[in-house]
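Enquirer: Below is one structure. I have some questions about it.
The values are calculated or read from the model by the stated rules, or taken from the named source; none is laboratory data. The structure presented is a predicted model; accordingly, all values stated were derived computationally and were not measured. All Cβ positions, even for glycine, are placed from backbone atoms using ideal geometry, and neighbour counts span all protein chains on display. Protein only, heavy atoms only, side chains kept; ligands, DNA and RNA dropped before computing areas. Shrake-Rupley method; radii C 1.70, N 1.55, O 1.52, S 1.80 Å.
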Amino acid sequence: MSQYVLRRLLIAIPSLLGISVVLFVVLALAPGDPFSELATNPNVPPEVQAALRAKFGLDDPIYLRYLSWLSAMLHGDWGFSFVSRMNVDQLILQRLPATLYVIGSAQILALLIAIPVGVYAATKPYSLFDQIANTLAFVGFSLPTFFTGILFILIFSVTLDWLPFVYTTDIKATGIRWVLEMIRQAIMPVAVLGLFQAASMTRFVRSAMLDVIRLDYVTTARAKGLGQTKVIVKHVMRNAMIPVVTLIALQMPAVFGGAIVTEQIFRIPGIGSLLISSILSNDTPVVMAVTFVFACLVVLFNLIADVLYGWLDPRISLR
């Protein structure tokens, strides 16, 4: 297993390098730069503008700027935010916990819904429960997150006044009260993302279970006298979860994309909202760092999926 993980780590390194090259070139070729406002500011002399551009290497060739950025990144220097006036790594570390909290909670909610509903629907195909689950799943992944987010706000915040629609990290309460307020304000964004992911996962879990449940070895296990629960849990679910793990890993980019929209709707101070504000203000170092962090998280989840393959199917780790 350790050699298997090592091989996957070695594959991830060139992937991240390729992603960083593409991101850097696209941002370098985009119109505007962090000092574009200085050109129209009469209070900044031209020689000061030229000195600042020379200091940060904005007029150097793209390949030199990339090599300089990569070298700085490897030494732990992620750059400086020209808008927030602070180091980019500190800015991201301030925003990352909120994003991971919402996304992680949403994924856990999606799995807690999708796996039991999908498994039970597969054991009772075309039953009333199966039809209801399929209908709700179709409705769930047909509605975009920005629509369900606004709908939740109108129902639970505006009409019923049960939940706050603005997420804040500056909660005055302490102790258990603070924990309850954090959970309360996270209910709607987590539900929006979690229900959207659960809808597609439920359909996929059901399909994977139906593919495995008809195989000969499952019939043999039943013929040996094993109970239905043991057959499903021990013999069917483990093999059916392999394609589900693939789906979860491949859906992570969509999850982060949905998180960006959700953070804008609920005003969550995460890296998604940081990315949008940095793009609008031409804060290129922050945009580059945030997009690279998203890419690293996606590669990380794919690596975790590869490790889970080896656990679910030990034959994979020997190849």
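Enquirer: Within the stretch 48-56, is even one residue assigned to a helix (DSSP H, G or I), of a type in the set (A, V, I, L, M), modelled with pLDDT of 80 or more and closer than 23 Å to Ser84 by Cα?
Expert: Let us first name the residues in the stretch 48-56 that are assigned to a helix (DSSP H, G or I), namely 48-55.
Imposing the further condition that a residue be of a type in the set (A, V, I, L, M) reduces the set to 48, 50-52, 54.
This time we only want the ones that are modelled with pLDDT of 80 or more, so: none.
The answer is no, given that none of the residues of the stretch 48-56 is assigned to a helix (DSSP H, G or I), of a type in the set (A, V, I, L, M), modelled with pLDDT of 80 or more and closer than 23 Å to Ser84 by Cα.
Enquirer: Applying the selection to the stretch 74-90, what residues are open to solvent by less than 30 Å² (accessible area, probe 1.4 Å) and either of a type in the set (S, T, N, Q) or without any contact (Cβ under 8 Å) to a residue 40 or more places away in the chain (or both)?
Expert: First, pick out the residues of the stretch 74-90 that are open to solvent by less than 30 Å² (accessible area, probe 1.4 Å): 79, 81, 88.
Scanning the stretch 74-90 gives a single hit, Ser81.
Enquirer: Among the residues of the stretch 91-106, which ones are free of Cβ contacts under 8 Å to residues at least 12 places away in the same chain and either exposed (fewer than 13 other Cβ atoms within 10 Å of the Cβ) or under 30 Å from Thr229 (Cα atoms) (or both)?
Expert: Leu93, Gly104
Enquirer: Quick check on the stretch 107-118. Is at least one of its residues open to solvent by 80 Å² or more (accessible area, probe 1.4 Å) and under 14 Å from Leu210 (Cα atoms)? Even if it seems obvious, please write down each step before you answer.
Expert: Initially, the stretch 107-118 is screened for residues open to solvent by 80 Å² or more (accessible area, probe 1.4 Å), giving 108, 112.
Retained after the next criterion (residues that are under 14 Å from Leu210 (Cα atoms)): none.
Scanning the stretch 107-118 turns up no residue that is open to solvent by 80 Å² or more (accessible area, probe 1.4 Å) and under 14 Å from Leu210 (Cα atoms).
Enquirer: Something else: Residues of the stretch 259-273 being touching a Leu at 6+ places or on another chain (Cβ under 7 Å) and either closer than 22 Å to Asp89 by Cβ or without any contact (Cβ under 8 Å) to a residue 60 or more places away in the chain (or both), which ones? Please lay out each step first, then the result.
Expert: Step one: filter the stretch 259-273 for residues touching a Leu at 6+ places or on another chain (Cβ under 7 Å), giving 259-260, 262, 271.
Matches in the stretch 259-273: Ala259, Ile260, Ile271.
Enquirer: Within the stretch 138-189, track down each residue that is touching a Gly at 6+ places or on another chain (Cβ under 9 Å) and aliphatic (A, V, I, L, M).
Expert: Answer for the stretch 138-189, where residues must be touching a Gly at 6+ places or on another chain (Cβ under 9 Å) and aliphatic (A, V, I, L, M): just Met188.
Enquirer: A further question follows. Does at least one position in the stretch 21-42 carry a residue that is modelled with pLDDT under 70, touching a Ser or Thr at 6+ places or on another chain (Cβ under 7 Å), not small (Gly, Ala, Ser) and not in a helix (DSSP H, G or I)?
Expert: Here is the first cut: in the stretch 21-42, the ones modelled with pLDDT under 70 are 32-42.
When the remaining residues are screened for being touching a Ser or Thr at 6+ places or on another chain (Cβ under 7 Å), the result is 33-34.
Checking which are not small (Gly, Ala, Ser) leaves us with 33-34.
Cutting the leftovers down to not in a helix (DSSP H, G or I) gives us 33-34.
Scanning the stretch 21-42, I find at least one residue that is modelled with pLDDT under 70, touching a Ser or Thr at 6+ places or on another chain (Cβ under 7 Å), not small (Gly, Ala, Ser) and not in a helix (DSSP H, G or I), so the answer is yes.
Enquirer: Would you check if Phe256 is surrounded by 15 or more Cβ atoms within 10 Å (Cβ to Cβ), at pLDDT 80 or above, of a type in the set (Phe, Trp, Tyr) and within 30 Å of Asp89 (Cα to Cα)? Walk me through how you get there before you give the answer.
Expert: Working: surrounded by 15 or more Cβ atoms within 10 Å (Cβ to Cβ): yes; at pLDDT 80 or above: no; of a type in the set (Phe, Trp, Tyr): yes; within 30 Å of Asp89 (Cα to Cα): yes.
Judged against the criteria, Phe256 is not a match.
Enquirer: Check Ala254, Ala221, Ala240 and return the single one that is touching a Leu at 6+ places or on another chain (Cβ under 9 Å) and assigned to a helix (DSSP H, G or I).
Expert: None of the other options fit; the residue is Ala240.
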